[in-house]
Amino acid sequence: YHSKFNNNERVEIWNKVKNGAYKVVLGARSAVFLPFQNLKLIVVDEEHEPSYKQYDPAPRYQARDSAIYLAHLHNAKVVLGSATPSLESYYNALNGKYGLVEMHERFGGVKLPNQQVVSISEETKRKTMVSYFSSVLIKDIDLALSKKEQIVLFQNRRGYATILICATCGYTPKCVNCDVSLTFHKSSGKLHCHYCGYQQSSVSICPACGSVHVEQKGFGTERIEEELRLLYPDVTIARLDMDTTRTKNGLQQILSDFQDKKTDILIGTQMVAKGLDFDNLSLIGVINADTLLGYPDFRAYERSFQLLAQVAGRAGRRAEQGNVCIQTYDAENRIIKQVVENDYVGMYNDEIVEREKFLYPPFSRMIFLYVKHKDSSVLDKASFVLAQTLKAKFGPRVLGPEQPLVSRVRNLYIKQIIIKADKNTAINKVKAVLRETLTQFNATKDYKSI
């Protein structure tokens, strides 16, 4: 059961679940809202996945937590499964709120993959980089291909070039609706906004100064695919990202071809980390791990560990030990080292100290308020007034207003206010105060348009 079903299919499944016709239901996050009659077990696979949380459109909910509450209503059991649990779930397990069952070996006794870290800086100094590929990764690719084994290359950014920039004046094409740079997609020859879908033709002459020195900076999966085809013209290569899976059967076709060994190398974004299991996959290459580590979010290191560990776990899942090559500019980064050492507990211990020190979950309950308006000056005033009102009620646990990473989307300017609610305070009481405050705020004449 998932959102791609049409209304008729949804009604049919809804009625059959209500009538008890199904003993087992396999579903995405929306399946928690089905009318179960005799529910006794819920399994939340890969419970750490951020995609369990729905942000837009409403209703906004965390399906994992909803599943736990659903099980409570039905007196059912819940199994939260993950090789890299969320910090909150592992914290609950260590503190007795959840039971903890650990597997210290891979299924079937298969050895963990051999992992190595390659410094892009050192390779660049030695002039041994071939395009975006280190000499170590090239050697590993050559060896895998010679043994008729398959390869996955991971780059968590789609498109061809991250941005275009004028080398003369520094101009960068930006979205007309959002405060983000446009990403160049060579397949369409256009610049794309990954937030609102806006597209425009690419530029070879700078519209600001007339210079012809417009350069492409950064790279995504599309660029990796092109460079790889130049290096290995006789090898079958496929790409797995949002651009190649838009058609109805696009995803299934790409995965089927890889499963049937019709594809030698698969290049992908985080979609390649989603529990895929291939018999002949022996090598995982992470093109640039730094794109994950530098994200401005308190969960960045946790999610970097989870994603890198999950990607690495795709290699060598049968008799042969797999290989993982992680390319990075920051080879001494503790998260990179912990991934290589398969040290989840070490990562947890480091992160939980930081979370407690700065009162982040699981030591608080965080509420994010996003204030939006088409006029930035109106937004600035309104968000300041709202934040001051909330600080008067909740004290220093209210942060902001601040601009989020992307401060304008679809022509609406955005400010963010964060409330770190005490975890021992009933969240419903906090929400009740918040609703009352927002109701009064929205009733104010000057802020009705917010």
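The values are calculated or read from the model by the stated rules, or taken from the named source; none is laboratory data. Worth saying up front: this structure is predicted, and the values here are computed from it rather than measured. Counting neighbours? That spans all protein chains shown, and the Cβs are built from the backbone with ideal geometry, glycine included.
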### Query
Got a number for residues in the stretch 308-328 being within 21 Å of the chain's Cα centre (by Cα) and not hydrophobic (A, V, I, L, M, F, W, C)?
5
### Message
If ASN424 meets every condition in (1) farther than 25 Å from LYS174 by Cα; (2) assigned to a helix (DSSP H, G or I) apart from one, which number is that one?
### Response
(2)
### Query
List, please: which pairs have Cβ atoms under 6 Å, are six or more places apart or on different chains, and start with a residue in the stretch 430-450 that is in a helix (DSSP H, G or I) and end with one that is aliphatic (A, V, I, L, M)?
VAL430/ALA421; PHE441/LEU386; TYR447/ALA382
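Residues being over 23 Å from ARG239 (Cα atoms) and in a loop (DSSP other than H, G, I, E, B): count how many of those fall in the stretch 173-195. Before the answer, list the steps.
As a first pass, look at the stretch 173-195 and keep what is over 23 Å from ARG239 (Cα atoms): 173-181.
Pick out the ones that are also in a loop (DSSP other than H, G, I, E, B) and you get 173, 175-180.
The qualifying residues number 7.
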### Task
Please give the number of the condition LEU230 fails out of (1) assigned to a loop (DSSP other than H, G, I, E, B); (2) over 22 Å from GLN310 (Cβ atoms); (3) modelled with pLDDT of 95 or more.
(1)
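Anything in the stretch 253-268 that is in a loop (DSSP other than H, G, I, E, B) and either buried (at least 19 other Cβ atoms within 10 Å of the Cβ) or small (Gly, Ala, Ser) (or both)? List them, or say none.
Our first condition is that a residue be in a loop (DSSP other than H, G, I, E, B); within the stretch 253-268, this holds for 260-264.
THR263, ASP264, listed by residue number.
Of all residues being surrounded by 14 or more Cβ atoms within 10 Å (Cβ to Cβ) and among the hydrophobic types (A, V, I, L, M, F, W, C) in the stretch 87-108, which is nearest to the chain's Cα centre (by Cα)? Just the residue, please. Steps first, answer last, please.
From the stretch 87-108, those surrounded by 14 or more Cβ atoms within 10 Å (Cβ to Cβ) are 87-93, 98, 106; that's our starting set.
Still in the list and also among the hydrophobic types (A, V, I, L, M, F, W, C): 87, 93.
Numbers: LEU87: 16, ALA93: 24 Å.
Result: LEU87.
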### Task
Return the pairs, sorted by first residue and then second, in which the second residue is surrounded by 13 or more Cβ atoms within 10 Å (Cβ to Cβ), the first residue lies in the stretch 16-28 and is over 18 Å from LEU41 (Cβ atoms), the beta carbons are less than 7 Å apart, and the residues are 6+ apart or on different chains.
LYS16/TYR22
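Residue under question is GLY400, and the condition is that it be surrounded by fewer than 14 Cβ atoms within 10 Å (Cβ to Cβ), modelled with pLDDT under 95 and of a type in the set (Gly, Ala, Ser); does it hold?
Values: surrounded by fewer than 14 Cβ atoms within 10 Å (Cβ to Cβ): no; modelled with pLDDT under 95: yes; of a type in the set (Gly, Ala, Ser): yes.
For GLY400, the condition - surrounded by fewer than 14 Cβ atoms within 10 Å (Cβ to Cβ), modelled with pLDDT under 95 and of a type in the set (Gly, Ala, Ser) - is not met.
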### Query
Do we find that LYS111 is surrounded by fewer than 19 Cβ atoms within 10 Å (Cβ to Cβ) and out of contact with any Leu (no Cβ under 7 Å at 6 or more places or on another chain) in this structure?
yes
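For the stretch 1-26: of the residues being within 30 Å of LEU87 (Cβ to Cβ) and modelled with pLDDT of 95 or more, which is surrounded by the most Cβ atoms within 10 Å (Cβ to Cβ)?
Filtering the stretch 1-26 for residues that are within 30 Å of LEU87 (Cβ to Cβ) and modelled with pLDDT of 95 or more, the one surrounded by the most Cβ atoms within 10 Å (Cβ to Cβ) comes out as VAL25.
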### Task
Kindly establish whether GLU88 is assigned to a loop (DSSP other than H, G, I, E, B), over 30 Å from HIS185 (Cβ atoms) and among the charged types (D, E, K, R).
no
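Take residues that are of a type in the set (A, V, I, L, M) and tell me which of the helices (runs of 4 or more DSSP H) falling wholly in the stretch 287-406 contain 3 or more.
Values: elements: 290-293, 300-312, 334-340, 344-357, 376-394.
Where helices (runs of 4 or more DSSP H) fall fully within the stretch 287-406 and carry at least 3 residues being of a type in the set (A, V, I, L, M), they are 300-312, 334-340, 344-357, 376-394.
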### Message
With the requirement that a residue be touching a residue at least 40 places away in the same chain (Cβ under 8 Å) and in a helix (DSSP H, G or I), what does the stretch 91-106 give you?
### Response
TYR91, ASN92
